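Report on the following structure.
The values are calculated or read from the model by the stated rules, or taken from the named source; none is laboratory data. On a predicted model such as this, the values are computed, not experimentally measured, just so you know. As a convention, Cβ positions derive from the backbone with ideal geometry for all residues, glycine included, and neighbour counts pool all protein chains shown. For accessibility, only protein heavy atoms count, side chains too; no ligands or nucleic acids. Shrake-Rupley method; radii C 1.70, N 1.55, O 1.52, S 1.80 Å.
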Amino acid sequence: MNDLTGLHIVITRPSAQAEPWAARLRELGATASVASLLEIVPVSQTAQIQAIKNCILDLDVYRKAIFVSQNAVEHGFNWIDNYWPQLPTGVKCFAVGETTANLLQDRGATVTDLAQTQTGAMTSETLLQSPALQAVANEKIIIFRGLGGRPHIGQVLSARGAQVDYCELYERVLPAESTQKFAAVLLQSVNKSPTGNKIVLVLHSGEALANLQTIMRALVVNTRAIMATMYLLVPSQRILELAEAAGFINVFAAQNATEASMLQGLIDLRCTLESIQNANKKGVKL
């Protein structure tokens, strides 16, 4: 049953992406609020902008272009469209995840090994299993991403002999108002939500987890009590392990970061909590 009644879900994505999803969760009975842990802003320093321009002007020298996220597609094609009426021939496009692939197609690009982006966890690791990314020795590959993004794809492709460059288009910043918003959320997690609902933080990335920890340190809150009472939903086993290593106890992982998978993760989490509650009423330990 797609019922989220009894959950107070705090969505931490950038607000433009979070608000439509919050409305969907409310339709399913949840109390949903937005407290962004990340906002996406274009890079602004002169050297960074020039580096992007150089990458775009040289786009035709690359054999493959990898877009790591929907933000990479949106920001990347804002630049590409200014310099290339159509994509250079001979450049194969790849995407991390189905949403990214869909946006690439919307922009007129053909996605190579499309099935690979629609499989399993839809992560960097999944993409690296793409048949077209195995024999890449001496090929020039460009990766469109945010500033200081996870280096795993580039490292693996370099180990396979590729010449990898990065086009770093945007940066992820912690919104100025987030600390104040989370002060209330964290207090509720210890003292219980006014509605009595379980508080679930939905984190879509490792950066969001890191920013949550930064806020908790800045607020000098009872970290141990919060980690014991707050529920986290994360998009992968890798981020689950990072959260548990940081001390969070009630961490659940969805299959991937798509809205459909994260929604299913919330439904599964609610079912788990309901089973525990029913077992406690009966005096049974799970």
Practice task
Evaluate the Debye formula for the chain with equal point scatterers sitting on the alpha carbons, no solvent, and hand back log10 of I(q)/I(0) at q = 0.08, 0.09, 0.11 Å⁻¹, in q order, two decimals.
Solution key: -0.39, -0.48, -0.70
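For an R0 of 22 angstrom, estimate the FRET efficiency from the Cβ-Cβ distance between Gln105 and Val173 and round to the nearest 0.05. Walk me through the intermediate numbers first.
Details: r = 29 Å, r/R0 = 1.32.
For R0 = 22 Å, the calculated efficiency reads 0.15.
Accessible area per residue, 1.4 Å probe, Å², for the stretch 88-178: what's the number?
Working: 3990 Å² over 91 residues.
That works out to 44 Å² per residue.
Taking the Cβ-Cβ separation of Val41 and Ala159 as r and a Förster radius of 25 Å, what is the calculated FRET efficiency to the nearest 0.05? Walk me through the numbers before you get to the answer.
Values: r = 32 Å, r/R0 = 1.28.
According to the calculation, E is roughly 0.20.
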Problem - Carbon plus sulfur fraction of accessible area for the chain, probe 1.4 Å, in percent - result: 50 percent
Practice task
Hey, could you grab the Kirkwood Rh for the stretch 75-192? Inverse mean 1/r over distinct alpha carbon pairs, Å, one decimal.
Solution key: 16.6 Å
Handout entry: Simple spin-label estimate for Ala260 and Ile49 in nanometres, 7 Å along Cα-Cβ
Key = 4.0 nm
Handout entry: the stretch 122-140 residues near the modelled Ala245 label - backbone nitrogen below 20 Å, point 7 Å along Cα→Cβ
Key = 123-126
Practice task
Enumerate the helices in the chain for which the Kyte-Doolittle hydropathy averages -1.0 or more and the C-alpha atoms extend at least 24 Å along the helix's axis, using complete DSSP H runs.
Solution key: 259-282
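Order Glu207, Glu39, Glu27, most accessible first, counting only protein heavy atoms with a 1.4 angstrom probe.
Details: Glu207 65, Glu39 45, Glu27 135 Å².
The ordering from most to least exposed comes out as Glu27, Glu207, Glu39.
For an R0 of 45 angstrom, estimate the FRET efficiency from the Cβ-Cβ distance between Tyr83 and Gln277 and round to the nearest 0.05. Can you show the working numbers first?
Numbers: r = 58 Å, r/R0 = 1.28.
That pair, Tyr83 with Gln277, gives E of 0.20.
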Practice task
Between Leu147 and Ser15, with labels modelled 7 Å along Cα→Cβ, what's the label distance in nm to one decimal, could you check?
Solution key: 2.1 nm
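Considering only the other residues whose Cβ falls under 11 Å of the Cβ of Leu87, what net charge follows from Lys and Arg at +1 and Asp and Glu at -1?
Details: positive: Lys92, Arg107; negative: Asp60, Asp81.
Net of charged neighbours comes to 0.
Could you give me D for the stretch 37-97, from Stokes-Einstein at 37 °C and 0.692 mPa s, where the hydrodynamic radius is the Kirkwood radius over C-alpha pairs? Units µm² s⁻¹, please.
Details: Rh = 12.6 Å.
The estimated diffusion coefficient comes to 260 µm²/s.
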Handout entry: Per residue, the convex hull volume that the Cα atoms of the stretch 67-142 enclose (Å³)
Key = 88 Å³
